[in-house]
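The values are calculated or read from the model by the stated rules, or taken from the named source; none is laboratory data. Note that the coordinates shown come from a computational prediction; the quantities given were computed from them, not determined experimentally. Neighbour counts are summed over all protein chains in view; Cβ atoms, including those assigned to glycine, are modelled from backbone coordinates with ideal geometry. In case anyone asks, the SASA skips ligands and DNA or RNA and just uses the protein heavy atoms, side chains included. Shrake-Rupley method; radii C 1.70, N 1.55, O 1.52, S 1.80 Å.
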Amino acid sequence: MINASLNQLGAALAAKKISSVELTQLYLNRIATHNPVYNAYLTVDAKTSLAQAAAADSLLSSGNAGPLTGIPIAQKDIFCAKGWRTTCGSKMLADFIAPYDAHVIEQFNRAGAINLGKTNMDEFAMGSSNETSYFGAVRNPWNQKAVPGGSSGGAASAVAARLCAAATGTDTGGSIRQPAALCGITGIKPTYGTVSRYGMIAFASSLDQAGPMAKSAEDCALMLNVMTGFDERDSTSLQREKEDYTRDLHLPLTGLRIGLPREFFTEGLSSDVGARVQEAIAEYRKLGATIVGISLPNTRLAVPVYYVLAPAEASSNLSRFDGVRYGHRADEYTDLADMYEKSRAQGFGEEVKRRIMIGTYVLSHGYYDAYYLQAQKIRRLIAQDFTDAFAHCDVIMGPTSPSTAFNLGEKGDDPVQMYLSDIYTIAVNLAGLPGMSIPCGFGASGTMPVGLQIIGNYFEEARMLNVAHQYQLATDWHTRAPQGL
Amino acid sequence: MSRTNINWQPTGTLVRRKVFKDQKENMATSWEIVIGLEVHTQLSTNTKIFSGASTTYGAEPNTQADAVSIALPGVLPVLNKGAVERAVKFGLAVGAHIAPRSVFARKNYFYPDLPKGYQISQFDLPVVGMGAITIQVEPLSGKAAPYEKVVRITRAHLEEDAGKSVHGASLGMTGVDLNRAGTPLLEIVSEPDMCSAAEAVAYAKTLHNLVRWIGISDGNMQEGSFRCDVNVSVRKPGEALGTRREIKNLNSFKNMQQAIDYEVQWQIDTIENGGKIHQATILFNPDTGETRAMRSKEDAHDYRYFPDPDLLPLDISAEFLDAMRATLPELPEACRARYINELSLSAYDAASLTGSREMADYFDTVLAALAPSPQSSPASERENQSSTLAKLCANWLIGEVSAQLNRDGLEMAQCPVSTQQMSGMLIRIADNTISNAGAKEVFRTLWSEGGEADLIIESKGLKQVSDSGAIEALVDEIIAANADKVAEYRSGKDKLFGFFVGLAMKASKGSANPAQLNEVLLKKLAG
């Protein structure tokens, strides 16, 4: 049951082979057993989840069920869920109970899905290893010494360890795709504006985008069907017809043009990851695709541009955490300024403070033009690179992350090394394009998963999912699960 | 420095202000005053600029603070179209360029009444660009003549208001009320085109009238719907602009006047005593009549403005502009010109009648009811007649009606006498049915009891006597009964004329036509 696809689970529920309450209890039991090791969940509320499951069972009985009705989903702790503690991985919000539902949560509730719990994450989604969480690091189910990636590390770990049927994540610079790659699962960050950001705690507003993390492309398509849709409460939400992301899964790949950016295959890429990606490309050739060499000349600027723009927005977005209305407030202070300083110094971790400092600096008088404005210009050049490339290919492929999962603590004292683990994913956020990661084998040790990144043109999620799904029909990397579970 | 040299001595300042007022005329030759205004106008939308929370004034603290107003994690701003409509209307009313694309920016600073830690405003791309308004300046010294002046408006931009800190909410604590947080504001910035307190006040009053006239703000200054920041500097003619100081949050025209006078004198004194003006934000204390620095430029915030990534650029189409233009009423300036040119009213009357849209509308409605019908008389005569009627109507509105409204503390919109009742009464003045005194009686009755002018005239017997025979008889009786006074009058005591008028009026119970009575009295008293 724990390895079943969402469609299989849906069929089992519809056929009454299992009830939603039973299925939810099964996962709750697994969480109780394994979460002490993986630390993938920050909050579990069995009573609420089981009540939702009971309600889903009545829906299933009455024949009003949708594809995800009764299926337990793990929610990243960045989404406000009414009545649930919503921490965003921070001491600042350690005791914050959200009084309202994010759009994404509403969508799952409407679909009759079960909120199985809130998953661990890097603090305010700032990190690539899940080590910046105030609530402790998450462990990678493939190797407990290794990181799961970040910032959606809890979600990736929970899916890989089969502690949920599927999960949500958010991706600002690679936070869905990189942990998906490091944990051997499938994850997709849709086109910016496809999933409403309402109720999703903001890191960098112009880059943040929610998406699903699951065991397969097909599961991601079903999840995306629930998560997307116009929401008037988010001004950047796009007013588009609702799509069925499963509609093209079955299409053959004959004639598919895959662009390989030469900048993705240079120094910095570990050889085992490079080799697995090339093998995946070879598999695509067998499936009828042709390969086109392309160039994304401004790729090397993506990381520096991102580390100007994302902290700039974050420094402002995180200003509301001031200890005045909610969140952590220092116990003792002398005056207003002291209250702000102490509350924020105590409430935020090191990485968050570092980015607030960077962001404040690049927006300050005299530096704005040189940093923020310049970065915005380069951002447009980076987007233009992709537009040019898509004139020659249908999808772009490459590695998701330069290496397989590194060990806990390995990059802890070198932020730049940590930032570089998102080198292939960041440009996609800057351009607002959809990107995904699928498992395509294992690294040199033979135990740590490698992710293949697929980048599509704007609104081409259905095509990308088709491309991923056909590969998953031909290979079985996505069905591999860590030992001992 | 000895203590007596400090300019802040309150006793000294009062004297200095007095001197300054007398010196104002020749002061202009030695010092030039440069003033620019920033006015925050609260827009009259029912809901906030970025959320659906109510903007009603005076509710219990934090009862109008929704998730967006208190900036819960994850909430996002959604622009209120009504605020945009109002901003665009204002831009059109001042002949400004409306930006086809403007941008919302975040102004970052920490304060407990600013829940997001930033204010959403517009910075380098405001919705309203350069425009201008014409102001009518009444110089403060009675001798100088009123004059017109064009003041340029640099820009006007949309932004959200902050909440309020309530100090001492409970013992030793400060409370925060976020009801006002997110209320839509239009910040209107002028060029430094004004060179006296009188001009600054005239500009503020004109603007205040305009925003209410076009229906974008209630302009309620007590409730903070119209707040003025005044930038003041002084210089010698021909020199570069002096360093300015900004007087914040003036919420009455009287305060503005006093604050500018005080500040200008302080700056002149400071420079003449060898000091320098430093850029600063200052507050005016209405109790002492003084201004005082709040913060200097050194501790000015770096607001770190940048485009708000949560909001798309604001695009304004030509169709939207046309639709907004179509909703604009005749503007006060055009209305004023019409009163002067078409109705031959004085500049003073025209300015008074256009002091509010309600007043002008009332006037226009009453006048339309009085206007002679096109069939009744030739065009030239009609024109004369209508200007006479306009003058009559204007006198009543500016005189009796305004005075009575003032006494009762009412706004024009609350005037208990309807336009229909008013025109009913004015018709009877115009056709000589009632005297002015009789009309006052009718008006008082209409005001306090309502009714119809004709019925009141009838029931109170106010119809004036214009029968010359009746008046002559009355005058003859009075002359006969007061022979001694008549003798005194004839021997040169002209002042007694009023005494006879009084007697005659009393005898006629106020119904004698005063003009006719005067004429007859003059003739008969002359002997």
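A few points about this structure:
- Residue selected from the stretch A:375-398 under the condition without any contact (Cβ under 8 Å) to a residue 12 or more places away in the chain and either within 14 Å of another protein chain (Cβ to nearest Cβ) or touching a Ser or Thr at 6+ places or on another chain (Cβ under 6 Å) (or both), by the criterion nearest to A:Gln178 (Cα to Cα): A:Arg380
- Condition met for B:Ser252 (over 21 Å from B:Arg86 (Cα atoms), open to solvent by 30 Å² or more (accessible area, probe 1.4 Å), under 25 Å from the mean Cα position of the chain (by Cα) and in the same structural domain as B:Pro100 (by TED's automatic domain parsing)): yes
- The stretch B:371-391 - residue that is of a type in the set (A, V, I, L, M, F, W, C) and surrounded by 16 or more Cβ atoms within 10 Å (Cβ to Cβ) and, of those, modelled with the highest pLDDT: B:Ala390
- Condition met for B:Ala368 (outside the structural domain of B:Ile98 (by TED's automatic domain parsing), on the phi < 0 side of the Ramachandran plot, open to solvent by less than 60 Å² (accessible area, probe 1.4 Å) and in a helix (DSSP H, G or I)): no
- First in the stretch A:298-316 and farther than 27 Å from B:Phe110 by Cα, second anywhere and outside any helix (DSSP H, G or I) and modelled with pLDDT under 95, Cβ under 8 Å, 6 or more apart: A:Thr299/A:Ile423; A:Ala302/A:Ile423; A:Val303/A:Asp422; A:Val303/A:Ile423
- Between A:Ala81, A:Ala56, A:Ala74, the distinction of being among the small types (Gly, Ala, Ser), in a helix (DSSP H, G or I) and crowded, with 24+ Cβ neighbours inside 10 Å belongs to A:Ala56 only.
- Qualifying position, being at pLDDT below 95 and out of contact with any Ser or Thr (no Cβ under 7 Å at 6 or more places or on another chain), among B:Ser170, B:Ser165, B:Ser121: B:Ser170
- Subset of the stretch A:71-94 [away from chain B (no Cβ under 13 Å) and closer than 18 Å to B:Ala67 by Cα]: A:Gly83
Quick grid of which residues meet (1) open to solvent by less than 60 Å² (accessible area, probe 1.4 Å); (2) farther than 26 Å from B:Tyr305 by Cα; (3) more than 14 Å from chain B (Cβ to nearest Cβ):
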| site | (1), (2), (3) |
| --- | --- |
| A:Lys286 | no, yes, yes |
| A:Pro311 | yes, no, no |
| A:Ala314 | yes, no, no |
| A:Val324 | yes, no, no |
| A:His328 | yes, yes, no |
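- The set of residues in the stretch A:139-182 that are within 12 Å of the chain's Cα centre (by Cα), farther than 10 Å from A:Met213 by Cα and part of a strand (DSSP E or B) contains only A:Asp171.
- Long-range neighbours under 8 Å by Cβ, at least six apart or interchain, first residue at positive phi and touching a residue at least 24 places away in the same chain (Cβ under 8 Å) within the stretch B:404-428, second open to solvent by less than 40 Å² (accessible area, probe 1.4 Å) and of a type in the set (S, T, N, Q): none
- Test: residue in the stretch B:218-241 that is open to solvent by less than 60 Å² (accessible area, probe 1.4 Å), basic (Lys, Arg) and within 30 Å of A:Val195 (Cβ to Cβ): no
- Flag if B:Lys440 is under 27 Å from B:Glu519 (Cβ atoms) and under 30 Å from the mean Cα position of the chain (by Cα): yes
- Test: A:Met200 is within 14 Å of another protein chain (Cβ to nearest Cβ), hydrophobic (A, V, I, L, M, F, W, C) and open to solvent by less than 30 Å² (accessible area, probe 1.4 Å): yes
- Single residue of B:Phe110, B:Phe123 found to be out of contact with any Lys or Arg (no Cβ under 6 Å at 6 or more places or on another chain) and free of Cβ contacts under 8 Å to residues at least 12 places away in the same chain: B:Phe110
- Some residue of the stretch B:178-200 being in a helix (DSSP H, G or I), under 27 Å from B:Ile33 (Cβ atoms) and touching a Leu at 6+ places or on another chain (Cβ under 6 Å): yes
- So B:Gly172, is it within 14 Å of another protein chain (Cβ to nearest Cβ), touching a residue at least 40 places away in the same chain (Cβ under 8 Å) and either farther than 18 Å from B:Ala156 by Cα or buried (at least 24 other Cβ atoms within 10 Å of the Cβ) (or both): no
- Test: A:Ala337 is exposed (fewer than 15 other Cβ atoms within 10 Å of the Cβ), over 19 Å from A:Phe96 (Cα atoms) and within 11 Å of chain B (Cβ to nearest Cβ): yes
- Test: residue in the stretch A:98-119 that is within 14 Å of another protein chain (Cβ to nearest Cβ) and closer than 17 Å to A:Thr24 by Cβ: yes
- Scan of the stretch B:54-92 for residues that are away from chain A (no Cβ under 14 Å), open to solvent by 20 Å² or more (accessible area, probe 1.4 Å) and among the hydrophobic types (A, V, I, L, M, F, W, C), ordered by number: B:Ala59, B:Leu92
- Residue check for A:Phe390: at positive phi, surrounded by fewer than 21 Cβ atoms within 10 Å (Cβ to Cβ) and among the hydrophobic types (A, V, I, L, M, F, W, C): no
- Checking each residue in the stretch A:459-474 for being surrounded by fewer than 18 Cβ atoms within 10 Å (Cβ to Cβ) and touching a residue at least 60 places away in the same chain (Cβ under 8 Å) picks out A:Phe459, A:Ala474.
- Hey, A:Ala12 touching a Ser or Thr at 6+ places or on another chain (Cβ under 9 Å) and either open to solvent by 30 Å² or more (accessible area, probe 1.4 Å) or over 17 Å from A:Leu163 (Cβ atoms) (or both) or not: no
- Looking at B:Ser51, B:Ser30, just one residue is more than 30 Å from the chain's Cα centre (by Cα), surrounded by fewer than 17 Cβ atoms within 10 Å (Cβ to Cβ), at pLDDT 50 or above and assigned by TED's automatic domain parsing to the domain that holds B:Lys205, and that residue is B:Ser30.
- Per-region count, the stretch B:410-437, residues under 27 Å from the mean Cα position of the chain (by Cα), outside any helix (DSSP H, G or I) and either not polar (S, T, N, Q) or not assigned by TED's automatic domain parsing to the domain that holds B:Thr388 (or both): 5
- Single residue of B:Glu290, B:Glu330 found to be more than 14 Å from every other protein chain (Cβ to nearest Cβ) and without any contact (Cβ under 8 Å) to a residue 12 or more places away in the chain: B:Glu330
- First in the stretch A:399-423 and open to solvent by less than 50 Å² (accessible area, probe 1.4 Å), second anywhere and among the charged types (D, E, K, R), Cβ under 6 Å, 6 or more apart: A:Thr400/A:Arg177; A:Met418/A:Lys411
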